[in-house]
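Okay, so here's the structure we're looking at.
The values are calculated or read from the model by the stated rules, or taken from the named source; none is laboratory data. Computed from a predicted model, the values in this text were never measured in an experiment. Ideal geometry is used to build each Cβ from the backbone, glycine not excepted, and the neighbour counts take in all protein chains shown.
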Amino acid sequence: MTGRSMNDKCLQKLVQERDMLGMMVETFTKTSTGIDLHYVPTKAFVDHHNEIIRRYISGEPFITSYFCCAPEIYTAMDLPWNTFLTPAFTGAITPTFHDEIDASGKMFTGMDLCTIIRLAGYYVEEDLVPPPTAVIAMIHPCDGINVVHQVMAKNEKWNKIPVFGADPPYWEDERSYEYYADELKKMVEFLQKHTGLPLDTSRLREVIKESNKQITLWQEWNDLRRAVPCPHGGGMGLEMFGEATTVHTGMPVGTAWMKDVIADAESLVRQGKGAVPKERIRLFWFDILSLGLTLELFPWLEQEWGAVVAMEMFGYSPYTQIDTSTEDSMFRGLAVRALHEVPMIRQARGVADLFLTDIERIVKDWKIDCVVYPGYMGHKDGSGSAGLMREKCRELGVPFLYIGMDLFDDRYTTLDELKDKFSKFFTSMGMG
Amino acid sequence: MKTRVKSKALEAFVEAAETIVNPQLKKWIEQGGKVMGYFCCYAPEEVITAAGMVPFRVRATGSTSTELADAYLTNINCSFCRHAFNMGLRGDYDFLEAVVWLNNCDHIRRIYDNWRRKVGTPLAHMMSLPKLTTDKQVGWWREELAILKEALEKHLGITITNEKLRRAIKTHNETRRLLRQLYELRRKDNPPITGADTLAVVIASTAMPREQFNKMLAELLDELKGAEVTKDYKYRLMLVSSILDDPKYVKVIEDLGGLVVTDSMCFGSRMFWADVDEKAKDPLDALARYYIQVKPACPRMFGGFLQRSKFVMDMVKEFKVDGIIGLRMVFCDLWAGELFMQEKDLQTASIPVLHMDREYLMAGTIGQARTRVQAFMESIGGER
Ligand code: SF4
Ligand code: SF4
């Protein structure tokens, strides 16, 4: 008996989020091709939350971790992981969200600390996150995440929970990959020790093989998005990312869903149908996406301007296949993935060059008409690269929009202000 | 009334803190000497010295605007970085032969990306500083030091021998030892030097040819012996902060009646509270260990909060501190977390603490700071 129950305060947010997502699942309808595109990924989150709740109550192991910390390993260990950052992403459907943001701002010295990080710190301090068996800390790509894990480790309720953070090198070269592969091996030792769950190499191989398939499918799907009109808009990119790197990493159920999505996209391309009925502008949204954006801003862009998000930071899939021949090759591959390929970490962790090369590649391959860098207030490193991005776009002859917004707090730059900015931008560029 | 002992050395240090190219550095450059810039106190000054250059910590002293930098950075970037980069773009740092960066924070690391493309410094070098502090990271950092050493050798056409490195370590340890002696004097009830002047000395230690600086600081220490210039202050304060390179900011606090007697700052004690091992067989090993494991850590190092907190608590005891002022540069995430955690510990230990945000240029936030410091000191109560 753990003495834990459904009524524990730390489960409140998770239950709230689960119920919101559960309600959404009920409302999904099938597309014209007969596929329910959103059901699988959203339902997966509901199931995931239920599993974390169950494990918390029963005392079975689960961890806190992230999409960029080699989730293939967790799948292979049958170890569910919870990211305490998700409430910020689904905040748009949470009634208490603004109050929580304000309270988190009072807690830290100011409101300029990344909203996701601030909220995450606040949830931990307010006992609104179920304490896991162990924490895999993410200490890159930004200062904020490094900070929040330190705050977490100091919290009275969390300071006895074992923490492991893999040390991230700044470079993308063999030396760095080798170094980081060794860090990942250390992470496995840590997890085995603290969760009591073994990692079987052949199971890891199976998972990585499946994950390789998912990467191939993701890329195939992205290839279809090059079509004009673009069959699927920005929201789908996030879901594809979610399947491949969070809820169904290396799991056949995710692979099957991806095949369905591809079938849907293929059919739309064949019919010449786009996500936006009269596609006029193809956007590259170069940052994270929140539910608020996909529910409010993107539909407006589509309706008002015929603008489709043809590519987004989290939908982009510059992955390589992991060589599964030996244990070392698998860890090396996972290191490359974690340092160099997963979205956001890829661009934000090291030197700014990948911001620029990604823009170049995506603008050309996805026939992008304009690059939008939202200038999320949490992404200080990205904003520090904004001028270079603008120059790159100028060189490519493609308009660049820097907004300066909070992707989560819609009071920072309101929806109306965003609409106004976009309208002025499109008009001044003679688009739409 | 706080005054200053009559000292040529101190005057020179104050001048060095108020300028970028101080007379001593100017002379060095005129004689053909080279200067290498760096941005954070984790940068291995010793390797730069061993390469025959003067290590110079980049500041934005005297900057008044960021108009050129604004084309590249944005208003959510730390104002120190914006001003420093602006000075780079203006050509104020054209006297640098090379600059080294580390991935110390999200703002500074992007200065590297912009600087290497936009400012014509002959050599712009980036180093990958670990975030953990185990022996594995010492090994990694040693490799990074060796890469820097090689880059400098290639760029300057020289050989940096172990002997040169050892000599450089000695010189920099001497700087550290002398700076610690200066801090020792501040433990007294009536220290012979104010916090503002001490900051000027520390800044000068990052801007002058080091051997010359060491000589001058030794002179100053002699001159300070027996002096008592800070009698009528009300409280003994400690500053905890990232970059603070403006003695005038400290003077504002001291003019309100608080004497700054110590700090945990990266233009301060964290630069020199420990020494590099001079006896180690391999000087690069010694340097790697110093920067990763020995030097008082900054919040960007993961998992070291307890140690950092202890460092502050020890200072409070040793320097009989009445209250702590924690300063954070607006938009600095690292220090937002640090000050939050620290406040908890200080409150538990019943140590009065005031946390304030600041901008690099004093004009922006000083009015409010004055009011808050005044109120803070009143809240400490029980004047000495
Ligand atoms: S606060 Fe830390 S990271 Fe920033 S400059 Fe100072 S020592 Fe370097
Ligand atoms: S004050 Fe903070 S954000 Fe600014 S340079 Fe230093 S560590 Fe970076």
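Against the test of being within 16 Å of ligand 1 (Cβ to nearest atom), among the β-branched types (Val, Ile, Thr) and surrounded by 18 or more Cβ atoms within 10 Å (Cβ to Cβ), the options B:VAL321, B:VAL330, B:VAL373, B:VAL353 yield a single qualifying residue, B:VAL330. Considering (1) away from chain B (no Cβ under 13 Å); (2) under 29 Å from B:ARG116 (Cα atoms); (3) in a helix (DSSP H, G or I); (4) aliphatic (A, V, I, L, M), the lone condition that A:LEU418 does not fulfil carries the number (2).
Among the residues of region A:39-69, just one is under 20 Å from the mean Cα position of the chain (by Cα), of a type in the set (Gly, Ala, Ser) and farther than 24 Å from A:ASP260 by Cα, namely A:SER65. Tell me whether region A:33-40 contains one or more residues that are crowded, with 18+ Cβ neighbours inside 10 Å and either part of a helix (DSSP H, G or I) or touching a strand residue (DSSP E or B) at 6+ places or on another chain (Cβ under 6 Å) (or both). For region A:33-40, residues crowded, with 18+ Cβ neighbours inside 10 Å and either part of a helix (DSSP H, G or I) or touching a strand residue (DSSP E or B) at 6+ places or on another chain (Cβ under 6 Å) (or both): present. Annotation: of all residues in region B:296-318 being in a helix (DSSP H, G or I) and within 16 Å of ligand 2 (Cβ to nearest atom), the one that is farthest from A:ILE136 (Cα to Cα) is B:ARG308. One residue stands out in region B:52-74 among those that are out of contact with any Lys or Arg (no Cβ under 9 Å at 6 or more places or on another chain) and more than 16 Å from ligand 2 (Cβ to nearest atom): the one that is nearest to B:MET36 (Cα to Cα), namely B:PHE56. Annotation note: of B:GLU338, B:GLU343, B:GLU318, the sole residue that is more than 7 Å from chain A (Cβ to nearest Cβ), within 19 Å of the chain's Cα centre (by Cα) and of a type in the set (D, E, K, R) is B:GLU338. Here B:GLU97 does not qualify as within 15 Å of ligand 1 (Cβ to nearest atom), among the acidic types (Asp, Glu), under 23 Å from B:PRO209 (Cα atoms) and away from chain A (no Cβ under 13 Å).
Here is a yes/no grid of residues against (1) farther than 28 Å from A:VAL228 by Cβ; (2) within 16 Å of ligand 2 (Cβ to nearest atom); (3) buried (at least 22 other Cβ atoms within 10 Å of the Cβ):
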| position | (1), (2), (3) |
| --- | --- |
| A:ASP381 | yes, yes, yes |
| A:GLY384 | yes, yes, yes |
| A:VAL398 | no, no, no |
| A:ARG411 | yes, no, no |
| A:LYS424 | no, no, no |
| A:SER428 | no, no, no |
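Which ones in region A:303-321 are crowded, with 23+ Cβ neighbours inside 10 Å and more than 18 Å from the chain's Cα centre (by Cα)? Across region A:303-321, the qualifying residues are A:ALA307, A:VAL308. Applying the criterion of being among the aliphatic types (A, V, I, L, M) and surrounded by fewer than 21 Cβ atoms within 10 Å (Cβ to Cβ) to the residues of region B:272-298, the residue that is modelled with the lowest pLDDT is B:ALA297. Being outside any helix (DSSP H, G or I) and either away from chain B (no Cβ under 14 Å) or closer than 21 Å to A:GLY387 by Cα (or both) narrows it down to one residue among A:GLY333, A:GLY350; which is it? Of the residues listed, the single one that is outside any helix (DSSP H, G or I) and either away from chain B (no Cβ under 14 Å) or closer than 21 Å to A:GLY387 by Cα (or both) is A:GLY350. The set of residues in region A:211-247 that are among the acidic types (Asp, Glu) and surrounded by 20 or more Cβ atoms within 10 Å (Cβ to Cβ) comprises A:GLU239, A:GLU243.
Hey, any hits in region B:75-90 for a residue that's more than 16 Å from ligand 2 (Cβ to nearest atom), under 22 Å from the mean Cα position of the chain (by Cα) and more than 21 Å from B:VAL330 (Cβ to Cβ)? Within region B:75-90 (the criterion being more than 16 Å from ligand 2 (Cβ to nearest atom), under 22 Å from the mean Cα position of the chain (by Cα) and more than 21 Å from B:VAL330 (Cβ to Cβ)), the answer is no, since none of the residues qualifies. For region B:299-310, residues that are surrounded by fewer than 22 Cβ atoms within 10 Å (Cβ to Cβ) and closer than 16 Å to B:THR133 by Cα total 5. The number of residues in region B:238-261 being in contact with a helix residue (DSSP H, G or I) (Cβ under 8 Å, 6 or more places away or on another chain) and away from ligand 2 (no atom under 16 Å from the Cβ) comes to 14.
Here the condition is being more than 15 Å from ligand 1 (Cβ to nearest atom) and surrounded by 23 or more Cβ atoms within 10 Å (Cβ to Cβ); of B:ASP135, B:ASP113, it holds for B:ASP113 alone.
Screening A:THR29 on (1) without any contact (Cβ under 8 Å) to a residue 40 or more places away in the chain; (2) closer than 25 Å to A:ASP8 by Cβ; (3) away from every other protein chain (no Cβ under 14 Å); (4) surrounded by fewer than 20 Cβ atoms within 10 Å (Cβ to Cβ) shows it passes everything except condition (2). Scanning region B:22-81 for residues that are assigned to a strand (DSSP E or B), within 16 Å of ligand 1 (Cβ to nearest atom) and either touching an Asp or Glu at 6+ places or on another chain (Cβ under 6 Å) or modelled with pLDDT under 95 (or both) yields one hit, B:PRO55. Of all positions in region B:319-341, at least one carries a residue that is out of contact with any Cys (no Cβ under 8 Å at 6 or more places or on another chain), under 25 Å from B:PHE56 (Cα atoms) and in a strand (DSSP E or B). The combined condition, being under 26 Å from A:MET24 (Cβ atoms), in contact with a strand residue (DSSP E or B) (Cβ under 9 Å, 6 or more places away or on another chain) and away from every other protein chain (no Cβ under 11 Å), is not fulfilled by A:THR90.
Residue by residue through region A:125-162, note down the ones that are assigned to a loop (DSSP other than H, G, I, E, B) and within 16 Å of ligand 2 (Cβ to nearest atom). Scanning region A:125-162 gives A:ILE139, A:HIS140, A:PRO141, A:CYS142.
Screening B:THR175, B:THR206, B:THR133 for residues that are touching a Ser or Thr at 6+ places or on another chain (Cβ under 6 Å), outside any strand (DSSP E or B) and under 24 Å from B:ILE292 (Cα atoms) leaves exactly one candidate, B:THR175.
Residue by residue, here is whether (1) away from ligand 2 (no atom under 16 Å from the Cβ); (2) away from chain A (no Cβ under 14 Å); (3) in contact with a helix residue (DSSP H, G or I) (Cβ under 6 Å, 6 or more places away or on another chain); (4) at pLDDT below 95 holds:
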residue: B:THR175; (1), (2), (3), (4): yes, yes, yes, no
residue: B:ARG186; (1), (2), (3), (4): yes, yes, no, no
residue: B:GLY195; (1), (2), (3), (4): yes, yes, yes, no
residue: B:ARG210; (1), (2), (3), (4): yes, yes, yes, no
residue: B:ASN214; (1), (2), (3), (4): yes, yes, yes, no
residue: B:GLU219; (1), (2), (3), (4): yes, yes, yes, no
residue: B:LYS225; (1), (2), (3), (4): yes, yes, no, yes
residue: B:ASP263; (1), (2), (3), (4): no, yes, yes, no
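When region A:93-124 is filtered for residues that are touching a residue at least 40 places away in the same chain (Cβ under 8 Å), within 12 Å of chain B (Cβ to nearest Cβ) and not in a helix (DSSP H, G or I), the ones remaining, listed by number, are A:ASP112, A:LEU113, A:CYS114. Taken over region B:2-23, the residue count meeting the criterion of being surrounded by fewer than 19 Cβ atoms within 10 Å (Cβ to Cβ) and either of a type outside the set (A, V, I, L, M) or at positive phi (or both) is 9. Of all residues in region A:339-389, those that are more than 18 Å from B:HIS107 (Cα to Cα) and of a type in the set (Lys, Arg) total 3.
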